Amino acid sequence: MKFKAFFTGDGISLLDKRFLPAMDKVGRVCHVFLTPTHAMLLHNLLGATAAGPDGGGPQCVAQFAKDLLFREYNLSSRNGNQIAFSVEVALLHRALRSVLAVHAQAPAAGDAAGAPAIQVRLVNKLPAGSRSATPFLTFETKGARAAVVQDVPISRPLSRSDVERLQAALDAAKDLPQTLVQVPDLPQLQSLVDRLKNVGDLLTVAVTQYGDLHLQVSTSLVSVGSEFRKLRVIGDHANAPAGDQNLTASTRMDMAVERGEALSVQVNMKHLVKSLHCHLAKPDYTFYGIAPGGACLTVVFQYFIPGTRLADKSISFYCRLPVLDPGSS
């Protein structure tokens, strides 16, 4: 089982400035999944709390084409050239920033410009006082005045059966809702959720084919909510009935659900707050949708190729929130 590669400048910047800060807010530990074509950061796809979208927390998937993150990408294993292991996100980010600081050192007068690339590889080392080797993800580089080697402890690489389970969970998580609505102002949504979380722990979310996103918190004493209307719709779309314009938001939502033109689910407020931290990855577009039958609430983040308005297919980033209610359809 071998892995060695050199980071591209764009790839290491994406991890350092965007995706590792976002993943660290979602959960303390994630899986790194390396395949011949992609590198992935996966949160909560395996384990007792991730038996599917009705597990104990949000699932989060950040997938990158290998050429976006790495060059001279060498990967081999007996599991179909796939390697997966778990790691603490904060430790991974700290090591990355350490080697970046050394790599960025300005050369002294008379020295040749340019520093060697940053290398990452899997190694087994024998810690002091231990009789068995321990796996590490090792980062290496040289600066103008120093060299650095950072060892990040990782779990034992997953077995073939666990890699197959991880791939199966990943395949199941790829199914998109039939209707997605674009939220153009993610900070505004985050501000709204920050206010609603002071009211209650359970949040009802509804998505209509008209482009409406409804959020509502209800307790025995009060019901508070808000809606975003006439949002951009991807997928199944319908025109809102003209007679609905003078109705209250909750009535419109209930009627849309009855007509089969909306889905409504209840989620844990803490899970939604965690998913909103993904804005740290600075997506260009954010979409919300509900899986068929109200199986889960899905948040899809889209990226553009820099300098264009074309979707960047080398990055895929999305979250799936477990529902506390089977949903209405």
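The values are calculated or read from the model by the stated rules, or taken from the named source; none is laboratory data. Because the structure is predicted, anything quoted here is derived from the model rather than measured. Here the Cβ positions follow ideal geometry from the backbone for every residue, glycine too, while neighbour counts run over all protein chains shown. When the accessible area is computed, the model is the full protein with side chains, heavy atoms only, and any ligands, DNA or RNA have been set aside. Shrake-Rupley method; radii C 1.70, N 1.55, O 1.52, S 1.80 Å.
Comparing Cα centroids, the stretch 249-292 and the stretch 133-189 end up 25 angstrom apart. Here Lys142 is the anchor, and the aspartates and glutamates within straight C-alpha reach of less than 20 Å, apart from those fewer than 8 places off in the same chain, are Asp10, Asp16, Glu72, Asp111, Asp151.
Ranking Leu15, Thr138, Gln82 by Cα position along the charge dipole of the chain, where only Lys, Arg, Asp and Glu carry charges on their C-beta atoms, puts Thr138 farthest toward the positive end. Taking a ≥ b ≥ c as the square roots of the eigenvalues of the Cα gyration tensor, an a/c ratio of 1.5 or more together with a/b larger than b/c marks the chain as prolate. Name the lysines eligible as straight-distance cross-link partners of Lys270: C-alpha to C-alpha under 26 Å, and not fewer than 8 places from it in the same chain. Those lysines meeting the cut-off are Lys17, Lys25, Lys174, Lys197, Lys282. With helices as the sole contributors, the chain gives -6500 deg cm²/dmol at 222 nm; each DSSP H run of n ≥ 4 counts as -39500 (n - 2.57), and the sum is divided by every residue. A Stokes-Einstein calculation at 25 °C with viscosity 0.890 mPa s, built on the Kirkwood radius of the stretch 127-179 over Cα pairs, returns a diffusion coefficient of 162 µm²/s.
For the set Leu91, Leu180, solvent exposure ranked by accessible area (probe 1.4 Å, protein chains only) runs largest to smallest as Leu91, Leu180.
Treat the stretch 2-172 as a sphere of radius equal to its Kirkwood radius over Cα pairs and apply Stokes-Einstein at 10 °C in a medium of 1.306 mPa s; give the translational diffusion coefficient in µm²/s, rounded to a whole number. Answer from the Stokes-Einstein relation: 93 µm²/s.
Taking 0.36 nm per residue of separation and subtracting the Cα-Cα distance, full extension of the segment from Leu186 to Ser86 would add 33.0 nm.
Karplus-based coupling profile of the stretch 73-81, in residue order and whole Hz: 8, 10, 9, 8, 6, 7, 9, x, 6, with θ = phi - 60° in 6.51 cos²θ - 1.76 cosθ + 1.60 and x standing for Gly or Pro. To the nearest ten degrees, helix 89-103 and the longest principal axis of the Cα atoms of the chain are 50 degrees apart. In terms of accessible area, using a 1.4 Å probe and ignoring ligands and nucleic acids, Lys313, Lys274, Lys2 rank largest first as Lys313, Lys2, Lys274. With a Förster radius of 30 Å applied to the C-beta separation of Leu202 and Ala242, the computed FRET efficiency comes to 0.35. Rounded to the nearest 10 square angstrom, Glu88 shows an accessible area of 70 square angstrom against a 1.4 Å probe.
The length gained on full extension between Arg28 and Ala147, counted as 0.36 nm times the residue separation minus their Cα-Cα distance, comes to 40.0 nm.
Modelled this way, with points 7 Å down the Cα-to-C-beta line, the labels at Ser130 and Glu258 are 6.3 nm from one another. Volume per residue for the stretch 179-324 equals 119 cubic angstrom (convex hull of Cα atoms). For the set Leu213, Leu46, solvent exposure ranked by accessible area (probe 1.4 Å, protein chains only) runs largest to smallest as Leu46, Leu213. Once the Cβ-Cβ distance of Ser220 and Ala249 is raised to the sixth power relative to R0 = 22 Å, the FRET efficiency obtained is 0.60.
Here the accessible area of the stretch 179-324 is 51 percent carbon and sulfur, with a 1.4 angstrom probe and all protein chains present. Using a simple spin-label model with pseudo-atoms 7 Å out from Cα toward Cβ, Ser13 and Tyr73 lie 1.9 nm apart.
Compute the signed sum of charges (Lys and Arg +1, Asp and Glu -1) over the other residues within less than 12 Å, Cβ to Cβ, of Ser13. Its environment carries a net charge of +2. Net charge in the neighbourhood of Thr138 (other residues with Cβ under 12 Å of its Cβ; Lys, Arg +1, Asp, Glu -1) is +1.
The heavy atoms of Arg97 offer some 130 square angstrom of accessible surface to a 1.4 angstrom probe.
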